[in-house]
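J.: Encoded as structure tokens, here's the structure I'll be asking about.
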Amino acid sequence: MRVLALFKNHGKNPRDIPILKHTLDSLLKPEECKALVTNIRVSSRNIQIDVFGDAKAIECALVAIRKALGEPLEVRVIKKRKDEQIDEQELAKRVSSLIKEERFWEAHEELEDFWRKESGSKKLALQALILLCAAYVHLQKNDTEGFTRLATRALYTLESCSVSYVLGFDLDALKQKIANAIKRSEFSVSFG
């Protein structure tokens, strides 16, 4: 089972991940907790942590993580969706909300399900949004090279699209924001 746990960020930034990982590793005793704690992402609002294991192992890990980060804002089991219908307007609201909350990994996952069912220029535009979300995930992990690489791919993908809007995103404005971020090496953690 995979769980995503969100904790309030009390002043951490992505450069603090090694210290945070060390702290969590010291609290998680492998002989007691059989969970795997991975993918720590730090946004200005929250700290996102993926935890893998069975229910007992995950609860054990969450007890330890609470000692370092306090009570979680949210804990949710990550499940792959079956072939369900996706309402485009509802998806647009969810993705926009997740991006505003700097929950880029979750936005990426939401977009991927919809992207698989699309074709043509709309599919390319969705692919660019997915790449951009992935770029920001890299930024939340203090990987500016990964951010630049994926943001550049997102920009090139958007430049080959013939649509101007997808899911309420103004793609021309987004292209400009991405180009400026890459050119100036300014990596704000928002694109919505």
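Please treat every number below as a calculation from the coordinates, not as lab data. No experiment lies behind these values; they were computed from the predicted model shown. A quick note on method: Cβ atoms are made from the backbone with ideal geometry, for glycine too, and the neighbour counts reach across all protein chains shown.
Yes or no, residue by residue, for (1) under 15 Å from V3 (Cα atoms); (2) part of a strand (DSSP E or B):
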| site | (1), (2) |
| --- | --- |
| L20 | no, no |
| L24 | no, no |
| K29 | no, no |
| S44 | no, no |
| V51 | yes, yes |
| K56 | yes, no |
| I65 | yes, no |
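J.: State all residues of the range 16-51 that are touching a residue at least 40 places away in the same chain (Cβ under 8 Å), within 28 Å of C133 (Cβ to Cβ) and touching a helix residue (DSSP H, G or I) at 6+ places or on another chain (Cβ under 8 Å); if no residue qualifies, say none.
T.: We begin by selecting, within the range 16-51, every residue touching a residue at least 40 places away in the same chain (Cβ under 8 Å); these are 17, 20, 23-24, 27, 39-51.
Okay, now just the ones that are also within 28 Å of C133 (Cβ to Cβ), so 17, 20, 23-24, 39-51.
Those that are touching a residue at least 40 places away in the same chain (Cβ under 8 Å), within 28 Å of C133 (Cβ to Cβ) and touching a helix residue (DSSP H, G or I) at 6+ places or on another chain (Cβ under 8 Å): L20, T23, L24, N39, I40, R41, V42, S43, I47, Q48, I49, V51.
J.: Across the range 36-56, what is the number of residues that are out of contact with any Asp or Glu (no Cβ under 9 Å at 6 or more places or on another chain), aliphatic (A, V, I, L, M) and surrounded by fewer than 18 Cβ atoms within 10 Å (Cβ to Cβ)?
T.: 1
J.: Could you tell me how many of the residues in the range 144-164 are touching a residue at least 40 places away in the same chain (Cβ under 8 Å) and not in a helix (DSSP H, G or I)? Steps first, please.
T.: Step one: filter the range 144-164 for residues touching a residue at least 40 places away in the same chain (Cβ under 8 Å), giving 144, 147, 161-163.
If we keep only those that are not in a helix (DSSP H, G or I) too, we end up with 161-163.
Residues in the range 144-164 being touching a residue at least 40 places away in the same chain (Cβ under 8 Å) and not in a helix (DSSP H, G or I): 3 in total.
Residues checked against (1) in contact with a strand residue (DSSP E or B) (Cβ under 6 Å, 6 or more places away or on another chain); (2) more than 23 Å from S43 (Cβ to Cβ):
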| position | (1), (2) |
| --- | --- |
| F104 | no, no |
| S119 | no, yes |
| Q140 | yes, no |
| T157 | no, yes |
| D172 | no, yes |
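J.: Collect the residues in the range 134-169 that are in contact with a Ser or Thr (Cβ under 7 Å, 6 or more places away or on another chain) and surrounded by fewer than 21 Cβ atoms within 10 Å (Cβ to Cβ), keeping them in residue-number order.
T.: Within the range 134-169, the subset in contact with a Ser or Thr (Cβ under 7 Å, 6 or more places away or on another chain) is 140, 161-163, 168.
Residues satisfying the conditions are C161, S162, V163, G168.
J.: Just checking, does the range 158-180 include any residue being within 24 Å of I86 (Cβ to Cβ) and under 15 Å from the mean Cα position of the chain (by Cα)?
T.: no
J.: Could you tell me how many of the residues in the range 33-83 are of a type in the set (K, R) and closer than 21 Å to K141 by Cα?
T.: Counting residues in the range 33-83 that are of a type in the set (K, R) and closer than 21 Å to K141 by Cα gives 4.
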